[in-house]
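Colleague: Can you keep this structure in mind? I'll have questions shortly.
Nothing in this text is a laboratory measurement; each read-out follows from the coordinates by a stated rule. If you're wondering where the values come from, they're calculated on a predicted model, not measured in any experiment. Counting neighbours? That spans all protein chains shown, and the Cβs are built from the backbone with ideal geometry, glycine included.
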Amino acid sequence: MKSILIIGSGKFGRHLCRNLAELGNQIMLVDQVEENLEEMLPYVVSAKIGNCMNQTVLDSLGVDNYDICFVCIGSDFQSSLEITSLLKEMGARYVVSQASRDIQAKFLLRNGADDVIYPDRDIAEKIAVRYSANNVFDYIEVSEEFSIYEIPPLPEWVGKNLRQSDIRNRYHVLVLAMKKDGKTQLMPPADYIIRSDEHLMVIGKKDEIDELLAKMS
């Protein structure tokens with residue numbers, strides 16, 4: 001559990017708040033518009049109406065007490081940039097700021113952001129990968145080189161255990177989990193029998209997973 005400050009309760013800020021709350025984190029949410037905060041009250045420890053461009057407002061939040069500060073102001077880059085800078089000047093431990101373009105990310109990082117996120121771009125990339133391939137049910141980019149894919153088993157794997165199928169050596173991907181009916185078994189043992197009605201969560205390099213997907217088409 002972490003103590004988290006979220007500045008901005010637009011669409012992304014609200015989604016982030018809900019997901020962080022469901023994971024058990026304690027959240028302080030700040031926005032200039034009272035109506036934006038009302039629906040989020042069940043998810044937060046505290047909420048405050050205020051303009052974080054005003055240093056007095058930030059002073060009242062005690063920003064150095066939070067493990068992470070998120071700046072989720074996608075519609076006003078100038079405000080996002082100034083608030084990011086103020087947070088670091090005031091001792092914020094770790095600041096994550098929202099950007100929509102690479103040039104914005106560059107300025108945010110120069111002005112104190114420890115990390116930058118691209119919600120729209122990241123979602124678009126995930127959707128593009130998922131719907132471009134016939135056998136990808138979900139996709140998570142881990143780094144520029146590695147990604148996690150949710151895929152069906154090859155027919156030749158069905159009825160065999162993970163050791164017999166030798167997926168890692170033959171296809172250079174690692175099986176992280178098995179998924180069926182919304183339930184996930186992490187790190188299945190080598191004697192786990194692969195079934196036709198379940199999905200595999202595998203991690204590997206994109207080009208090597210592409211080779212595997214080609215065998216499914």
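Colleague: Can you give me the distance in nm between label points at residue 45 and residue 172, each placed 7 Å from the Cα along the Cα-to-Cβ direction?
Modeller: Going from the residue 45 label point to the residue 172 one covers 4.6 nm.
Colleague: Run down the lysines and flag those whose C-alpha is under 23 Å from the C-alpha of residue 183, throwing out any fewer than 8 positions away in its chain.
Modeller: Cα-Cα hits under 23 Å: 126, 160.
Colleague: Identify all aspartates and glutamates with a Cα-Cα distance to residue 2 below 18 Å; exclude those on the same chain that are fewer than 8 residues away in sequence.
Modeller: 22, 64, 67, 114, 115
Colleague: Return the FRET efficiency for the residue pair residue 115, residue 75: r is the Cβ-Cβ distance, R0 is 22 Å, and the value is rounded to the nearest 0.05. Don't skip to the end; give the middle numbers.
Modeller: On the way: r = 20 Å, r/R0 = 0.92.
For R0 = 22 Å, the calculated efficiency reads 0.65.
Colleague: Also, quick follow-up: How long are the semi-axes of the equivalent ellipsoid of region 3-117, defined as square roots of 5 times the Cα gyration tensor eigenvalues? Whole Å, largest first.
Modeller: Numbers: eigenvalues 80, 44, 37 Å².
Its equivalent ellipsoid spans semi-axes of 20, 15, 14 Å.
Colleague: So what is the orientation-averaged projected area of region 162-210, using the convex hull of its C-alpha atoms, in nm²? Display every interim value, and only then the final one.
Modeller: Working: hull surface 14.1 nm².
If I average the Cα hull's projected area over directions, I get 3.5 nm².
Colleague: Still on this structure, please answer the following. Sort 110, 168 by Cβ crowding within 10 Å, fewest neighbours at the top.
Modeller: On the way: 110 11, 168 14.
Ordered by Cβ neighbours within 10 Å, fewest first: 110, 168.
Colleague: Going by amide H atoms built from the backbone, whose H comes under 5 Å of the H on residue 161, apart from near neighbours?
Modeller: 194
Colleague: Also: Near residue 130, within a Cβ-to-Cβ distance under 12 Å, what is the net charge of the other residues, with Lys and Arg +1 and Asp and Glu -1?
Modeller: On the way: positive: 126; negative: 125, 138, 141, 150.
Around residue 130, the charge tally is -3.
Colleague: May I ask you to evaluate 6.51 cos²θ - 1.76 cosθ + 1.60, the Karplus curve with θ = phi - 60°, for each residue of region 171-177 and list the ³J(HN,Hα) values in order in whole Hz, giving x for glycine and proline?
Modeller: After applying 6.51 cos²θ - 1.76 cosθ + 1.60, I find 10, 6, 10, 10, 7, 8, 6 Hz.
Colleague: Can you give the local net charge around residue 166? Use residues other than it whose beta-carbon is closer than 15 angstrom to its beta-carbon, Lys and Arg +1, Asp and Glu -1. If you can, show how the numbers build up before the last one.
Modeller: Working: positive: 160, 163, 168, 170, 215; negative: 156, 191, 208.
Every neighbour counted, the sum reads +2.
Colleague: Report the full-extension gain for the segment residue 137 to residue 206: residue separation times 0.36 nm, less the Cα-Cα distance, to one decimal in nm. Spell out each step's value before the answer.
Modeller: Details: separation 69, 0.36 × 69 = 24.84 nm, distance 1.53 nm.
Net length gain for the segment: 23.3 nm.
Colleague: Kirkwood hydrodynamic radius for the chain: how many Å is it when counted over pairs of different Cα atoms?
Modeller: Values: mean 1/r = 0.0508 Å⁻¹.
Hydrodynamic radius (Kirkwood, Cα pairs) of the chain is 19.7 Å.
Colleague: Expected output is a single nm value to one decimal: the length gained when fully extending between residue 146 and residue 11, i.e. 0.36 nm times separation in residues minus the C-alpha distance. What is it?
Modeller: Working: separation 135, 0.36 × 135 = 48.60 nm, distance 2.86 nm.
Residue separation times 0.36 nm, minus the Cα-Cα distance, leaves 45.7 nm.
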